[in-house]
1. Limited to the range 416-449, what total is found for residues that are among the charged types (D, E, K, R) and either surrounded by 19 or more Cβ atoms within 10 Å (Cβ to Cβ) or closer than 26 Å to GLY380 by Cα (or both)?
2. Residue under question is ASP65, and the condition is that it be under 22 Å from GLY394 (Cβ atoms), surrounded by fewer than 24 Cβ atoms within 10 Å (Cβ to Cβ) and of a type in the set (Asp, Glu); does it hold?
3. From the list GLU139, GLU100, exactly one residue is within 12 Å of the ligand (Cβ to nearest atom), part of a helix (DSSP H, G or I) and among the charged types (D, E, K, R). Which is it?
4. Of the conditions (1) in the same structural domain as TYR274 (by TED's automatic domain parsing); (2) among the basic types (Lys, Arg); (3) within 26 Å of the chain's Cα centre (by Cα); (4) not in a helix (DSSP H, G or I), ARG314 clears all except one; give me its number.
5. Which ones in the range 265-277 are surrounded by 12 or more Cβ atoms within 10 Å (Cβ to Cβ), in a helix (DSSP H, G or I) and free of Cβ contacts under 8 Å to residues at least 40 places away in the same chain?
6. Looking at GLN515, GLN493, which one is surrounded by fewer than 21 Cβ atoms within 10 Å (Cβ to Cβ), in a loop (DSSP other than H, G, I, E, B) and touching a residue at least 12 places away in the same chain (Cβ under 8 Å)?
7. For THR34, state whether it is hydroxyl-bearing (Ser, Thr, Tyr) and at pLDDT below 95.
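The values are calculated or read from the model by the stated rules, or taken from the named source; none is laboratory data. On a predicted model such as this, the values are computed, not experimentally measured, just so you know. Heads up, the Cβs are rebuilt from the backbone with ideal geometry, glycines too, and the neighbour counts pull from every protein chain shown.
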Amino acid sequence: MTEIERHQYDVVIVGAGGAGLRAAIGAHDKGARTAVVCKSLLGKAHTVMAEGGIAAAMGNVWPEDNWQVHFRDTMRGGKMLNNWRMAQLHAQEAPERVWELESWGALFDRTPDGKISQRDFGGHRYARLAHVGDRTGLEMIRTLQQRVVALGIDVFMECTITRLLLDGDRIAGAFGYWRESGRFIVFEAPAVVLATGGIGKSFKVTSNSWEYTGDGHAMAMAAGAPLINMEFVQFHPTGMLWPPSVRGILVTESVRGDGGVLRNAAGRRFMFDYISDYFKAETADTEEEADRWYDDHINNRRPPELLPRDEVARAINAEVKAGRGSPHGGVYLDIASRRSPEFIKKRLPSMYHQFKELADVDITKEPMEIAPTCHYVMGGVEVDADSAMSKVPGLFAAGEVAGGMHGANRLGGNSLSDLLVFGKRAGEYAAEYARGQASRPRIDEADIRDAEQEALAPFMRDGGENPYTLQRELQETMHSLVGIIRVADEMKQALEKIAEYRERLARVSVEGNRQYNPGWHLALDLRNMLMVSESIARAALERKESRGGHTRDDYPASDPEWGKRNVCCRWAGDHVEVYQQPLPEMPDELKKLFEENH
Ligand code: FAD
């Protein structure tokens with residue numbers, strides 16, 4: 001057997017998006033020998049694709065804004081299922097994290113009086129998103145990456161982790177392979193921070209790119225860390241729709257934040273027909289009031305186009321179902337008739353180019369044709385709110401791979417701030433945990449051999465299942481049976497299909513050798529996609545109500561009893577088990593914020 005490359009660190013961060021990079025800086029600052037490992041090139045993560053901005057109650061545009069209002073908006077947007085402590089820490093610490101980014105060189109757009117500019121987004125009471133045009137993620141990644149490189153933190157890029165290694169029940173390291181050579185690599189470390197992002201690639205229509213196969217979610221579960229909130233998948237209301245090659249690519253919410261409205265095939269601004277009782281008091285019910293709101297947030301209520309994403313996605317779905325959709329099965333997003341070409345090009349430069357180049361549509365002259373797209377998973381690894389540690393000692397999770405922060409639905413802009421707040425906490429606590437260990441954990445050589453054999457298995461079979469066929473079928477199943485609108489019978493069918501796919505996965509074979517072999521990489525990712533898909537389907541079947549990103553046709557109302565419970569998923573060796581647990585109780589002083597109508 002060939003010798004495997006080995007490295008020793010105190011903290012290994014898996015993932016180099018915003019959460020991973022901020023965790024790396026945090027761990028390094030606490031004196032830990034730190035490494036960052038990422039599946040694709042450094043800088044190529046979802047964070048770089050983030051367009052709209054970072055939500056933080058800095059009060060630069062509306063001095064009335066503060067952490068309490070942000071906390072309240074986040075909890076209401078999450079339909080009160082958020083972990084209250086995470087939502088509190090997030091709202092309190094986000095402004096500091098944005099100013100810190102600025103001190104590290106990030107250049108945000110400014111207000112006329114020179115402060116960091118903040119823009120409107122759905123569900124946020126005040127203009128709150130610090131931004132750089134519609135390329136905020138790029139500036140955030142550039143800044144964090146520069147700092148990581150300047151601090152001399154080791155980066156292993158194009159290196160995929162396939163398994164977490166344990167010593168008893170605590171973390172001992174991670175096993176993976178180099179994508180270029182196919183050679184294996186072992187990291188020995190008492191603390192591992194998962195920052196692997198989302199799961200969108202299990203769905204047919206998604207804004208997510210190829211890396212997002214839920215690796216961190218699945219590896220955590222396999223190591224014994226439960227997941228929570230997995231039934232809550234966010235379908236962003238506005239994805240590109242036409243031509244087919246661009247279907248699912250994100251159209252930022254900033255288009256609506258900056259004045260864009262949704263219209264059906266008849267040109268009607270239909271969102272006024274879909275204001276739920278939950279948001280009635282704070283939503284404009286006439287076009288006049290909605291339009292006045294852009295200049296005067298105090299005396300007018302917000303336009304219904306800026307309701308939280310779950311509400312808008314369901315409304316679009318209903319319009320299309322009622323036969324009022326666009327030719328390709330979506331609706332129109334119109335900013336051309338509402339803002340000048342100069343304004344649109346200045347505020348939304350990426351959207352202008354995206355539509356011009358990919359769809360031959362000039363958004364300063366014509367409306368965009370859009371439909372919902374699978375975008376974000378609220379569910380993830382269950383973590384301690386303060387330290388970001390999972391139930392497995394030494395295993396931490398931050399960013400999209402962690403659960404709890406966003407409850408049943410995430411507000412736009414709250415992910416970038418989540419990455420910074422909890423990335424920092426995870427890195428710092430991981431370093432502290434590593435330092436506190438009396439002895440370094442020991443990796444069992446048999447576990448390494450087992451991980452190696454598992455990874456090589458697809459080469460050992462001939463003429464078996466094709467991984468691409470399996471992936472396509474899984475994506476179709478999740479799209480049509482566990483998508484925006486769910487019913488029990490369809491989810492049961494999905495679970496039967498997932499069980500069948502798992503049997504077929506054991507027969508998957510790949511050709512060629514280990515160097516840059518995407519078919520092999522996908523064969524390994526499929527295990528994770530199936531674990532995550534099963535978690536989503538089982539949790540969604542368990543939750544017999546509709547709430548946030550989880551809509552059941554057979555249980556259309558929200559049920560106050562379900563509002564007190566989380567559904568959790570754990571791995572039982574060959575299938576996912578679900579169980580329920582009560583939500584942590586919010587302290588009275590925070591409860592008051594909801595009574596006082598802040
Ligand atoms: P990511 O940035 O997704 O990074 C994950 C990292 O993990 C990558 O480096 C990847 O290579 C690595 N990785 C994954 N699996 C493995 C493995 N097995 N081994 C090694 N490495 C692995 N949110 C906002 O708040 N505001 C916005 O304006 C906004 N716009 C968005 C626009 C788009 C198009 C998309 C897709 C998302 C947007 N979001 C936005 C959401 C937000 O960008 C993501 O939720 C967030 O960036 C996730 O960050 P992260 O650090 O958790 O993971």
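1. Taking the range 416-449 first, the residues among the charged types (D, E, K, R) are 418, 424-425, 428, 432, 435, 440, 442, 444-445, 447, 449.
Now restrict to residues that are either surrounded by 19 or more Cβ atoms within 10 Å (Cβ to Cβ) or closer than 26 Å to GLY380 by Cα (or both): 418, 424-425, 428, 432, 447.
Residues in the range 416-449 being among the charged types (D, E, K, R) and either surrounded by 19 or more Cβ atoms within 10 Å (Cβ to Cβ) or closer than 26 Å to GLY380 by Cα (or both): 6 in total.
2. Working: under 22 Å from GLY394 (Cβ atoms): no; surrounded by fewer than 24 Cβ atoms within 10 Å (Cβ to Cβ): yes; of a type in the set (Asp, Glu): yes.
So ASP65 fails the test.
3. Values: GLU100 fails: within 12 Å of the ligand (Cβ to nearest atom).
Checking each option against the conditions leaves just GLU139.
4. Here ARG314 clears every test but (4).
5. Listed by number, the list holds a single entry, PHE272.
6. Values: GLN493 fails: in a loop (DSSP other than H, G, I, E, B).
Every option except GLN515 fails the conditions.
7. Working: hydroxyl-bearing (Ser, Thr, Tyr): yes; at pLDDT below 95: no.
For THR34, the condition - hydroxyl-bearing (Ser, Thr, Tyr) and at pLDDT below 95 - is not met.
Residues are listed down the side, and each one gets a yes or a no for (1) in contact (Cβ under 8 Å) with a residue 12 or more places away in the chain; (2) part of a loop (DSSP other than H, G, I, E, B); (3) in contact with a Cys (Cβ under 9 Å, 6 or more places away or on another chain); (4) over 23 Å from MET221 (Cα atoms):
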residue	(1), (2), (3), (4)
MET405	yes, yes, no, no
TYR429	yes, no, no, no
PRO441	yes, yes, no, no
ASP462	yes, yes, no, yes
